[in-house]
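Comments concern the structure below.
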Amino acid sequence: MPISLTIVFGGKGHLCPVGMNLASVMEHEFTHAMTGVAMKILFHAMLLCLLLPLPASADFNEGSEAYKRGDYGAALQEWRPLAEGGNARAQKNMGVIYRQGRGVPQDFAEAMRWYRRAAERGNAKAQFSLAHMYYEAQGVRQNYAEAAKWYRRAAEQGIALAQFSLGLMYYQGQGVPQDYEEAYRWWAKRGARR
């Protein structure tokens, strides 16, 4: 007659034949219990995702709507966390706010910092704005070579005004060697987009 032993584990009684590995019974119960815990965690994580606010683009859009209404403080409140988190469009917009002094004191140096962050992330409009600030000496010493560099990056992404500006720089030899053919090439690209 086989001998068995009842083991209570996890609030349940388990019939364990003597000689059966107690560790395997415990492992089975632990795995079963953890599967239930994992399912609960997964369920709660999914529920939390449903209850969280809309994605960051909604905050960006709320900032845009606030800006259009002239509520620059609200726009700043929406865009700043996004900009600090690396959102290039929000960074570019922070540059606009500081450059124009909308809801904050006008600060070209702060505008440059935000434009640069967005420009380095590939935002073409920020690249154009950064170039223009170097060209016009807003917040920095005038630097035609830096202006040409950033105009080129924006122009290569299809920003027509950057194409025109870069063409003008080649025509006048500002920050780049004077080259009429290169000037006309950039102007033709701009014209082709119209």
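The numbers here are math on the coordinates, done by the rules we state, and not lab data. Given the structure is predicted, the values throughout are model-derived calculations rather than measurements. Neighbour counts run over all protein chains shown; Cβ positions are idealised from the backbone, glycine included.
Here are the numbers for the structure shown:
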item: Extension gain from Gln138 to Ala188, taking 0.36 nm per residue of separation minus the Cα-Cα distance; result: 15.1 nm
item: Label-point gap, in nm, between Ala145 and Arg69 - each point 7 angstrom along Cα→Cβ; result: 4.8
item: 16 Å cut-off, amide nitrogen to a point 7 angstrom out along Ala160 Cα→Cβ, residues in the stretch 120-135; result: 125
